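Heads up, the thing below is written out as structure tokens.
The values are calculated or read from the model by the stated rules, or taken from the named source; none is laboratory data. Given the structure is predicted, the values throughout are model-derived calculations rather than measurements. So basically every Cβ, Gly included, is an ideal-geometry build from the backbone, and we count neighbours across all protein chains shown.
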Amino acid sequence: MRDIALAVAASLALVLWELAFQLIVVVGHWQPTELEIYAGDKVGFALLLVLALAVAWRWRRDGFAGPFALRQWWMLWPIWLDALVPLSQGLAEDGWRYLAGWGAVSLAVGFGEEGLFRGVVMTTLGLERPRRAILLSAMAFGAIHLAGLLSPVDYRLVLAQSASVVGLGVILGAVRVRTGSIWPGIIVHAVLDFCGIAAGGGVVEAMQYSDDALYSMLGAGAVALAWGLALCWRLPGTHGGLALSAAPAAP
């Protein structure tokens, strides 16, 4: 239970940072644009994570020393599909500086959230029991997204997103174990966020409620969860679905 408590504490670090950043904005009477507030929030957390990892010397054990493992990227196909579908309607943002800004934000989100959940949290839960670490970290990943209930986004989409990202978390965790690296997860996470934001014209616009958006999100989450569980069923070092070790697959 101690490892679960530590993993929960690590997950809550993201929530505490979000609250602290919002407090800074209010106290400082800052009136930022949507891009500016997300840049300060997400890039700030990514930098704090870099500092924490450096101080604790956790880079290697949290998966940052792993390979890019390009041959394993096919296992992320539901996430690549989720990323490409919004682009079928084109880009809503036509300024390259704006797109570059959202690109930096998306990269910071990918680095920060993957570094936390597939890095620190999974390592804390114990990679010698990979399926347990994958599933618990994925549930924590989904729970953290409930913080969106404090945003202007419709609560129904927030709840649907929180449920659907559990499936994404299972896939990302399984690939983390199979490759011994979180870099594939960081990259696909950043691409997913960027494509959605760029096609939607910002975070709030990309999360506008409609029945189609709700059902699409839930459907994509169900597909991701099914595929993620399939990846978990026979991980390297498992037999008959029982986790025995966490040896990564060759890149």
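Taking the range 6-47 as the range and being free of Cβ contacts under 8 Å to residues at least 40 places away in the same chain and within 17 Å of residue 141 (Cβ to Cβ) as the test, the residues that pass are 9, 12, 16, 17. Here the condition is being crowded, with 24+ Cβ neighbours inside 10 Å, more than 29 Å from residue 65 (Cα to Cα) and either over 12 Å from the mean Cα position of the chain (by Cα) or in contact (Cβ under 8 Å) with a residue 60 or more places away in the chain (or both); of 197, 171, 182, 186, it holds for 197 alone.
For residue 121, the conditions (1) of a type in the set (A, V, I, L, M); (2) closer than 14 Å to residue 183 by Cα; (3) part of a helix (DSSP H, G or I) are fulfilled apart from (2).
Taken over the range 83-105, the criterion of being under 21 Å from residue 192 (Cβ atoms), outside any loop (DSSP other than H, G, I, E, B) and out of contact with any Leu (no Cβ under 6 Å at 6 or more places or on another chain) is satisfied by 84, 85, 86, 87, 96, 98, 99, 100, 102, 103, 104, 105. When restricted to residues that are closer than 14 Å to residue 48 by Cβ and either at pLDDT 90 or above or of a type in the set (Phe, Trp, Tyr) (or both), the range 17-38 contains 2.
Within the range 227-237, the set of residues being assigned to a helix (DSSP H, G or I) and in contact (Cβ under 8 Å) with a residue 12 or more places away in the chain comprises 227, 228, 229, 231, 232.
Checked against the criteria, residue 70 counts as surrounded by fewer than 13 Cβ atoms within 10 Å (Cβ to Cβ) and over 27 Å from residue 215 (Cβ atoms). Quick check on residue 63: is it surrounded by 12 or more Cβ atoms within 10 Å (Cβ to Cβ) and in a helix (DSSP H, G or I)? For residue 63, the condition - surrounded by 12 or more Cβ atoms within 10 Å (Cβ to Cβ) and in a helix (DSSP H, G or I) - is not met.
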